[in-house]
1. Restricting to the range 302-313, name every residue that is closer than 11 Å to V218 by Cα and open to solvent by 40 Å² or more (accessible area, probe 1.4 Å).
2. Determine the pairs where a residue that is modelled with pLDDT of 85 or more, located within the range 205-216, has a partner that is assigned to a loop (DSSP other than H, G, I, E, B) with Cβ atoms under 9 Å apart, the partner being 6 or more residues away or on another chain.
3. Going through S170, S237, S244 one at a time, which residue ends up being among the small types (G, A, S), more than 30 Å from T106 (Cβ to Cβ) and touching a Lys or Arg at 6+ places or on another chain (Cβ under 9 Å)?
4. Only strands (runs of 3 or more DSSP E) wholly contained in the range 55-99 count here; list those with 3 or more residues that are open to solvent by less than 70 Å² (accessible area, probe 1.4 Å).
5. Taking the range 42-55 on its own, how many of its residues are at pLDDT below 70 and either more than 23 Å from V112 (Cβ to Cβ) or of a type in the set (A, V, I, L, M, F, W, C) (or both)?
6. Exactly one of (1) part of a helix (DSSP H, G or I); (2) free of Cβ contacts under 8 Å to residues at least 12 places away in the same chain; (3) over 19 Å from T326 (Cα atoms) is unmet by D141. Its number?
Amino acid sequence: MRISAIVTRIMQQMRRDRRTLALLFLAPLLVLTLMSFIFNSNEASITLVVSNGSAPVIEKLQQANFHIIEQDNFSVEQLEEQQYDSWLNLAQENTHLTLLNDNPSTTKMLTVQLTQLMQPTASHTLATNYVYGDKNTTIFDTFSPMLIGFFVFFFVFLITGIALLKERTSGTLERLLATPIKRFEIVAGYMIGYGILAFLQTIIIALFGIYILDIVHVGSIWLVLLINITLAFVALSLGTLLSSFATSEFQMMQFIPLVIVPQVFFSGIFPLDSMVDWLQKIGHVMPLYYAADALNGVMYKGYTFSEITGNLAILASFAIAFITLTIVSLKKYRIL
């Protein structure tokens, strides 16, 4: 009977907590549906720029399902700017293949196919150059920079959200709101206080990943820290905002499958180019998408500050928007 009473009490509590019930049954379906769309997306065709190619060679390449762009006056700079997969120049004594190599899996597949196709039509060798990385580059090298950003985002979001929730449930926030202090001053104080801790945590994670785990690093370490610190403030502001809608640590944890998990799918670990257009548009409203793009650009491709300013500006806009919404949400706790 006592066991039955405990079970009955738990079921009654869960029945009254509609948010928990919704997340318990609907969140897994949402994530599962998203994964289904992503993994069932069509593979993007490989784009190959061909210079000085004969008609038989072009036809053979098209039969291999390459997306062929014929352009005789072409350069490595154009390849990098247009983000094409590769450039095949048949004008030289030796055939030259230049690979963008932003996706090592695609690069290896392309290299194998071209080697097999070109052998019967040319007696000379296939000289290969790489814009990013080299022939030993692995797929982990391209998304390991994104992992640094993900862990910064996840832990800052989680720790900040739970810490601020405790401030509210313990009555500290209500007592502050009962004083003449303004809401934006409270938010600013919390953002600066927890921001210092987030700043230190971000530096430790980034330096540990680069210098201890030897994650690929081509660009400036200062840009890597700048991106991660900006991302940390986005996570800090988002955690602060969502904590105002939670009533317990358990409810704060419930935001993870709705806020964190979807962002992982659009951070670049799974190629966005192979997704349908509406899925790609969803990715463009995820803060982690812009942070991952900037981190991959700096750490793997060697981007400079001017090449990531757009991503940094969007991340800063997310942070400002979340902080503004947090200030507005605190209005419901003002008891004066």
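1. Our first condition is that a residue be closer than 11 Å to V218 by Cα; within the range 302-313, this holds for 302-304.
Correct list: Y303, T304.
2. Close Cβ pairs (under 9 Å, with a partner that is assigned to a loop (DSSP other than H, G, I, E, B)) amount to Y211/H217.
3. Working: S170 fails: touching a Lys or Arg at 6+ places or on another chain (Cβ under 9 Å); S237 fails: touching a Lys or Arg at 6+ places or on another chain (Cβ under 9 Å).
Result of the check over S170, S237, S244: S244.
4. 86-89, 95-99
5. 1
6. (2)
The values are calculated or read from the model by the stated rules, or taken from the named source; none is laboratory data. Since we're looking at a predicted model, the values are computed, not measured. All Cβ positions, even for glycine, are placed from backbone atoms using ideal geometry, and neighbour counts span all protein chains on display. In case anyone asks, the SASA skips ligands and DNA or RNA and just uses the protein heavy atoms, side chains included. Shrake-Rupley method; radii C 1.70, N 1.55, O 1.52, S 1.80 Å.
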